[in-house]
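The values are calculated or read from the model by the stated rules, or taken from the named source; none is laboratory data. For clarity, every value in this text was computed on a predicted model and none was experimentally measured. Note: ideal-geometry Cβ built from the backbone for every residue, glycine included; neighbour counts use all protein chains shown.
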Amino acid sequence: MFEHITASEIAGYGVGTLLLCVTISAPKIDALISASQRSSLGMCKRCGDLRMIACSRCNGLGLVKEGGPFTIIPINERDQSFRGGSKPRSISCTKCQSKGRFNCPECYKLTSY
Ligand SMILES: [Zn+2]
Ligand SMILES: [Zn+2]
């Protein structure tokens, strides 16, 4: 019975006009829709009408690990933390004030104008 569903889905992709229906019924497909398709559907190019964009620094977590892979840690400090068994601490992201996301600038422009 799943074969039937798959077949009809493939048909939908092929026709392309069913894209809108697929979008509504399957939110996961949204990620596959390109920016140009979003705008033709009247959706925000930037955020896809979520009105939010994830923070690029903390990937939407609102927290960043203190001392990333690019931070040079002095050898004695590294040694201390190894012996102490301390885990890398997470600090709140300064870029997004630990919110993890920003208002979409595109949508914000439209709503606040
Ligand atoms: Zn952030
Ligand atoms: Zn937007």
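Here Gln37 fulfils each of the conditions (1) closer than 30 Å to Thr6 by Cα; (2) assigned to a helix (DSSP H, G or I); (3) modelled with pLDDT under 70 apart from (3). In the range 95-111 there is no residue matching the filter, namely being at pLDDT 60 or above, surrounded by fewer than 11 Cβ atoms within 10 Å (Cβ to Cβ) and in a loop (DSSP other than H, G, I, E, B). When the range 75-94 is limited to residues that are at pLDDT 60 or above and not hydroxyl-bearing (Ser, Thr, Tyr), the one that is nearest to Cys47 (Cα to Cα) turns out to be Cys93.
Pairs are defined by a Cβ separation below 9 Å, a sequence spacing of at least 6 or placement on different chains, a first member in the range 24-52 that is farther than 18 Å from Arg101 by Cα, and a second member that is within 13 Å of ligand 2 (Cβ to nearest atom) and at pLDDT below 65; the pairs so defined are Asp30/Arg38.
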